[in-house]
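The values are calculated or read from the model by the stated rules, or taken from the named source; none is laboratory data. Just so it is clear, the model here is predicted, and its values are computed rather than measured. Heads up, the Cβs are rebuilt from the backbone with ideal geometry, glycines too, and the neighbour counts pull from every protein chain shown. SASA here: full protein model, heavy atoms, side chains in, ligands and nucleic acids out. Shrake-Rupley method; radii C 1.70, N 1.55, O 1.52, S 1.80 Å.
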Amino acid sequence: MLRKSKLKDIFEKTAKEIKNADSVSVLDNIRFQCLGRKKGLITSVLRNLKNLSIKEKREIGPLIQKIQKELKKLFDEKEKELSKKTEKNISDITLPAQKIQAGHFHPLAKVEKEIKEIFSSMSFSVVEGPEIETEYNNFDALNIPPNHPARDMWDTFWLKPTNSKEQIINNKNRKLLLRTHTSPVQVRYMQTHKPPFQIIAPGRAFRYEATDAFHETNFYQVEGLMVGEKISLANLKFIIEEFLKKFFDDPKMEFRFVPSYFPFVEPGIQVDIRMEKLSVGHKLSVGHKKSDWLEIMGAGMVHPNVFKAVGYDSLKWQGFAFGMGLDRLAMLKYKISDIRLFHSGDLRFINQI
Ligand code: FA5
């Protein structure tokens with residue numbers, strides 16, 4: 001026969017388990033063990049009451065009923081508490097899914113990636129050079145000695161030597177600067193590699209000049225260089241045409257080759273693309289008509305003096321080089337009216353592309 005103290009123990013133990021239950025299913029299980037119709041502990045005590053003496057019935061009966069009532073109350077309260085918590089955690093699966101905020105490439109990075117892919121498909125290797133350059137690599141080795149008037153073509157950010165040691169290292173016409181174009185990568189590559197080869201070198205260029213819709217002080221170029229034994233202007237023309245067709249993938253795109261001058265090539269050309277109105281509300285900069293040509297690259301056959309500076313025999317090797325404006329290509333492809341938008345940090349602009 002169950003004693004009063006034993007019943008109290010069962011009550012206290014069950015009350016504690018109810019309190020600690022952390023889910024409705026755990027609570028249901030405790031309820032089943034305790035109040036279950038067939039095997040519940042309290043239910044079986046109630047069922048056996050009939051076998052007790054009258055004295056025992058009087059003693060145990062009211063107590064077990066009280067315990068049963070109190071446990072039911074505890075179960076109900078806990079169930080309410082747990083369902084409230086679950087309600088808060090369950091989301092309405094009929095609601096539209098929330099948009100996941102994923103990062104994406106900056107338009108210029110995207111264009112750089114495309115350019116690399118196109119040239120890689122034509123067997124060009126991708127190389128890099130530093131943004132801080134020596135005066136020698138940026139100018140002298142490219143057939144632009146000091147005092148050469150062509151230096152005015154590139155307004156330069158010169159760097160102050162930070163200490164006298166650096167000055168001594170760099171004193172032989174080796175002042176440091178922020179490279180004004182990616183052409184010094186040609187010099188670096190040729191100084192350390194033997195022809196034949198074909199490379200592109202994408203990267204930043206810096207110019208100390210006023211900005212407008214088509215000019216930035218900090219912009220991107222992609223240098224190209226192909227050196228071999230029988231390279232001609234025809235090869236240059238073919239590669240550029242192939243690139244432009246693949247990059248724009250637009251049969252209506254018009255381009256032209258125009259003679260030009262760069263000290264490090266002979267002959268020199270520039271490539272222009274016909275620029276339709278770029279976007280709604282676009283104000284063409286001074287000097288541009290509604291439909292005009294935009295210069296996107298300089299190019300030409302590598303000058304013998306450049307080959308001489310890197311120790312190549314210019315009678316044996318020929319090569320072509322080009323330097324294209326990556327920002328301008330992106331502007332034309334995506335009809336962007338102002339180059340300055342690329343660095344504006346305006347997410348409404350950047351997220352569109
Ligand atoms: C050069 O920088 C030569 N190094 C290109 C070259 C390489 C010629 C190899 C021959 C052989 P240029 O200054 O024209 O050339 O610049 C080349 C391209 O860079 C331009 O056609 C233009 O698309 C882009 N560019 C030049 N200046 C800016 C600028 N301030 N902002 C944006 N793009 C520019």
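Please determine whether any residue of the range 265-277 is modelled with pLDDT of 95 or more and either over 25 Å from T180 (Cβ atoms) or open to solvent by 70 Å² or more (accessible area, probe 1.4 Å) (or both).
Within the range 265-277, one or more residues are modelled with pLDDT of 95 or more and either over 25 Å from T180 (Cβ atoms) or open to solvent by 70 Å² or more (accessible area, probe 1.4 Å) (or both).
For residues that are part of a strand (DSSP E or B) and more than 12 Å from the ligand (Cβ to nearest atom), scanning just the range 210-254, find the one that is surrounded by the fewest Cβ atoms within 10 Å (Cβ to Cβ).
If we filter the range 210-254 for residues that are part of a strand (DSSP E or B), which is where we start, we get 212, 215, 218-228.
With more than 12 Å from the ligand (Cβ to nearest atom) added as a condition, the list becomes 227-228.
Details: V227: 24, G228: 16.
Among them, the one singled out is G228.
Got a number for residues in the range 319-353 being more than 15 Å from the ligand (Cβ to nearest atom), aliphatic (A, V, I, L, M) and in a loop (DSSP other than H, G, I, E, B)?
The total comes to 1.
Against the definition (more than 15 Å from the ligand (Cβ to nearest atom), within 25 Å of F139 (Cβ to Cβ), of a type in the set (D, E, K, R) and open to solvent by 10 Å² or more (accessible area, probe 1.4 Å)), how does D313 come out, yes or no?
Considered against the rule, which asks whether it is more than 15 Å from the ligand (Cβ to nearest atom), within 25 Å of F139 (Cβ to Cβ), of a type in the set (D, E, K, R) and open to solvent by 10 Å² or more (accessible area, probe 1.4 Å), D313 comes out as yes.
Answer yes or no as to whether R204 is in a helix (DSSP H, G or I), at pLDDT 95 or above and of a type in the set (K, R). Explain how you work it out, then say what you get.
Details: in a helix (DSSP H, G or I): no; at pLDDT 95 or above: yes; of a type in the set (K, R): yes.
No: the conditions fail for R204.
Which of the residues belonging to the range 36-58 are open to solvent by less than 50 Å² (accessible area, probe 1.4 Å) and either outside any helix (DSSP H, G or I) or modelled with pLDDT of 85 or more (or both)?
G36, G40, L52
State yes or no: is M297 touching an Asp or Glu at 6+ places or on another chain (Cβ under 8 Å) and modelled with pLDDT of 95 or more? Give the steps one after another, and end with the answer.
Values: touching an Asp or Glu at 6+ places or on another chain (Cβ under 8 Å): no; modelled with pLDDT of 95 or more: yes.
Spelling it out, it is not the case that M297 is touching an Asp or Glu at 6+ places or on another chain (Cβ under 8 Å) and modelled with pLDDT of 95 or more.
So, of the residues in the range 295-310 that are away from the ligand (no atom under 14 Å from the Cβ) and of a type in the set (A, V, I, L, M), which turns out to be least open to solvent (accessible area, probe 1.4 Å)?
V310
Find the residue count for the range 293-318, including only residues that are of a type in the set (A, V, I, L, M, F, W, C) and in a strand (DSSP E or B). First the steps, then the outcome.
Step one: of the range 293-318, the residues of a type in the set (A, V, I, L, M, F, W, C) are 293-294, 296-297, 299, 301-302, 306-307, 309-310, 315, 317.
Cutting the leftovers down to in a strand (DSSP E or B) gives us 293-294, 296-297, 299, 301-302.
Total meeting the criteria: 7.
Would you please name the residue that is farthest from G228 (Cα to Cα), looking only at residues in the range 105-129 that are part of a loop (DSSP other than H, G, I, E, B), of a type outside the set (V, I, T) and open to solvent by less than 50 Å² (accessible area, probe 1.4 Å)? Give the derivation first.
Filtering the range 105-129 down to residues part of a loop (DSSP other than H, G, I, E, B) leaves 105-106, 122-124, 127-129.
Narrowing further to those that are of a type outside the set (V, I, T): 105-106, 122-124, 128-129.
Then drop every residue that is not open to solvent by less than 50 Å² (accessible area, probe 1.4 Å), which leaves 122, 124, 129.
Working: M122: 15, F124: 13, G129: 22 Å.
This residue is G129.
Would you point out the residue of the range 195-233, among those that are over 20 Å from E117 (Cβ atoms) and among the small types (G, A, S), that is farthest from the chain's Cα centre (by Cα)?
Result: S232.
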